[in-house]
1. Being outside any loop (DSSP other than H, G, I, E, B) and closer than 23 Å to residue 20 by Cα: is that true of residue 118 here?
2. Looking only at the stretch 132-156, count how many residues are surrounded by 15 or more Cβ atoms within 10 Å (Cβ to Cβ) and not in a strand (DSSP E or B).
3. Under the condition of being without any contact (Cβ under 8 Å) to a residue 40 or more places away in the chain and in contact with a helix residue (DSSP H, G or I) (Cβ under 6 Å, 6 or more places away or on another chain), which residue from the stretch 94-109 is surrounded by the fewest Cβ atoms within 10 Å (Cβ to Cβ)?
4. Working only within the stretch 168-179, note down all residues that are touching a residue at least 12 places away in the same chain (Cβ under 8 Å) and part of a strand (DSSP E or B).
5. Just to verify a result, which residue in the stretch 61-93, among those that are farther than 17 Å from residue 122 by Cα and out of contact with any strand residue (DSSP E or B) (no Cβ under 9 Å at 6 or more places or on another chain), is surrounded by the fewest Cβ atoms within 10 Å (Cβ to Cβ)?
6. Check 16, 23 and return the single one that is modelled with pLDDT under 95, surrounded by fewer than 15 Cβ atoms within 10 Å (Cβ to Cβ) and part of a loop (DSSP other than H, G, I, E, B).
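The values are calculated or read from the model by the stated rules, or taken from the named source; none is laboratory data. Remember, predicted model here, so these are calculated numbers, not experimental data. All Cβ positions, glycine included, derive from the backbone under ideal geometry; neighbour counts span all protein chains shown.
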């Protein structure tokens, strides 16, 4: 569901993106997410980027799979200890329960608004019953391409809560903030945790 131009930007700027996200600002959400998973849980980092989150989950003793549409991001992620990374698009998910948790941190914002409901339903199917979803998205309305040529879809918190409920999730945590992205734009975002 990601367009070729967006993937090309991530291929070209993979090292820059790795530096930008190295601080893992979502650490409180990661720790809370991990605390709710069973010991040795299977975790999917969906849209893993350079793999820093996947590596952290692996260090906690989880079995981590990492998927990204960018070949350069997959190369960076796959070089991290404990991370099994492969190139795939967001809609390349199994149609059966495979993971205890799916970490989708600022990745599904590249899915067109019309495609997100089906994507969330696919994630629900790919989770074990009661599984966890972390969702990081940009707040706003509509769709646009940023200065680097990446496609973005924007949502309100209420819209995301509704979509998650329709897909069979119950939202259990929600935090908002703002941050500077690879393009230099500072935009508001939301981090949500939901149970399947």
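1. Working: outside any loop (DSSP other than H, G, I, E, B): yes; closer than 23 Å to residue 20 by Cα: no.
No; evaluated as a whole, the condition is false for this residue.
2. The initial filter retains those residues of the stretch 132-156 that are surrounded by 15 or more Cβ atoms within 10 Å (Cβ to Cβ), namely 132-140, 146, 148, 150-155.
Among the residues that remain, those that are also not in a strand (DSSP E or B) are: 140, 146, 148, 150, 154.
Here the count works out to 5.
3. Quick first cut of the stretch 94-109, residues without any contact (Cβ under 8 Å) to a residue 40 or more places away in the chain only: 94-97.
From what is left, the residues that are in contact with a helix residue (DSSP H, G or I) (Cβ under 6 Å, 6 or more places away or on another chain) are 94-95.
Details: 94: 11, 95: 8.
Across the stretch 94-109, the extreme among qualifying residues is 95.
4. Taking the stretch 168-179 and keeping what is touching a residue at least 12 places away in the same chain (Cβ under 8 Å), we get 168-177, 179.
Correct list: 170, 171, 172, 173, 174, 175, 176, 177, 179.
5. Checked the stretch 61-93; the qualifying residue surrounded by the fewest Cβ atoms within 10 Å (Cβ to Cβ) is 81.
6. Values: 16 fails: part of a loop (DSSP other than H, G, I, E, B).
Testing whether each residue is modelled with pLDDT under 95, surrounded by fewer than 15 Cβ atoms within 10 Å (Cβ to Cβ) and part of a loop (DSSP other than H, G, I, E, B) leaves just 23.
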